[in-house]
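Here's the structure, in structure tokens; my notes come after.
Laboratory data are not the source of any read-out in this text; all were calculated from the coordinates shown. Quantities reported herein were computed from a predicted structural model and do not represent experimental measurements. With ideal geometry, Cβ positions are generated from the backbone for all residues, glycine too; neighbour counts draw on all protein chains shown.
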Amino acid sequence: MKSRSVALWALALSFTAFSCTAYADTSGKGTTSFTQGKTLLTEGKFTEALQAFSLAAKENPDNQEYRQYAIILRQVIKMREKLEAETDQDKWLATAQGLHRFYGSQELYAESLILDKKIHEKLNTPQSAVQLAHTYMAMDKIVEAESLLSSIQKDAPIGAQILLGITKARLNKTDEAIAIAEKCKLDEKASSVAAYNLARLQALTGNKEAALKSLTLSFKNTRPSMLDDSRKMARKDKDLASIAGSEEFEKVLKTESVIKESGCSGGTSCGKCPNRTKCGSGSTDKKCDSKTEKK
């Protein structure tokens, strides 16, 4: 893996981490500028948002969050500019996936949709289709997601099959969704993402006991540093509404990780990763789940 690609992936992985961190600054300085920056970012006005975040950091230099938003958004803008001119496909994909991570962390799904379509056009793989389908689903474009996932079901990875089942369930094609749920089986080393999505499908199709079991497996195979975020997501996930709040669900939320923190180098696959024999992700997927299958 080229050092530039590693750096981009490291930056991409930092987006989610910093966006989920709370800072105990109660001074109020820079709040208006920062809020304006968040609004502008939501509207896809990156340059204007950067100006607002930079102003917030200047108004309150002690606030780490303001400074980080300005630093990272400045880098994102550079990545967006480089993407348009990049001719090397590997570098283009590394930059594109870094931007994809940022868009997801900030829920900029309109931007992600444009980018993910370009990625899928270049790769045209089940993994790129799954990534695009996730974005469709985040935007409640379920029909589009179902159509895309249906087109890749021949030799599709189990993650794509599970996602197709979720789209079927959301479109009230219950019998088809149940058939997919019953066909999808995971072993104890399944990726946390696949297990989480299977739990969603099982909950949507009324199999609460199986959903709780799959969710437990997901938490067991989630990296320790990501476990709290996964628990928060499960509490808010509409697909898990039928089991959320129950005594059994609360017990599952206390499940601890059984794996070691991954030493992932941030590549596009595990094949050439120098840490592939030491990684504690527990995943048997051919592709790293954090790059191709988002929750």
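Once the piece of chain linking residue 236 and residue 123 is laid out straight, how much longer is it, given 0.36 nm per residue of separation minus the C-alpha distance between them? Present the calculation step by step, with values, prior to reporting the outcome.
Values: separation 113, 0.36 × 113 = 40.68 nm, distance 3.25 nm.
Here the answer is 37.4 nm.
Where the convex hull is taken over the Cα atoms of the range 115-196, what is its projected area averaged over directions, in nm²? All intermediate terms of the calculation are to be shown ahead of the outcome.
Values: hull surface 21.9 nm².
Value for the range 115-196: 5.5 nm².
Evaluate E = 1/(1 + (r/R0)^6) for residue 32 and residue 81, where r is the Cβ-Cβ distance and R0 equals 25 Å; express this FRET efficiency to the nearest 0.05. Could the numbers behind the result be given before it?
Numbers: r = 29 Å, r/R0 = 1.14.
The pair residue 32/residue 81 has a calculated efficiency of 0.30.
Applying 1/(1 + (r/R0)^6) with R0 = 51 Å to the Cβ-Cβ distance of residue 172 and residue 62, what FRET efficiency is obtained, to the nearest 0.05?
Efficiency for this residue pair is about 0.45.
Once the piece of chain linking residue 153 and residue 225 is laid out straight, how much longer is it, given 0.36 nm per residue of separation minus the C-alpha distance between them? Write out the running numbers ahead of the final one.
Values: separation 72, 0.36 × 72 = 25.92 nm, distance 3.29 nm.
Fully extending the segment from residue 153 to residue 225 adds 22.6 nm.
Once the convex hull of the alpha carbons of the range 121-259 is built, what does its volume come to per residue, in cubic angstrom? Don't skip to the end; give the middle numbers.
Numbers: hull volume 15.5 nm³, N = 139.
Cα-based convex hull of the range 121-259, divided per residue, equals 112 Å³.
Net charge around residue 252, counting only other residues with Cβ within less than 12 Å of its Cβ (Lys, Arg = +1; Asp, Glu = -1)?
Numbers: positive: 208, 213, 220, 231, 235, 251, 254; negative: 209, 247, 248, 250, 256.
Once positives and negatives cancel, what remains is +2.
Could you tell me which GluC sites (Glu not before Pro) in the range 100-177 are loop residues by DSSP with no more than 14 other beta carbons within 10 angstrom of their beta carbon?
Values: sites: 107, 111, 121, 144, 146, 176; in loops: 107.
Those that pass, being in a loop and sparsely packed, are 107.
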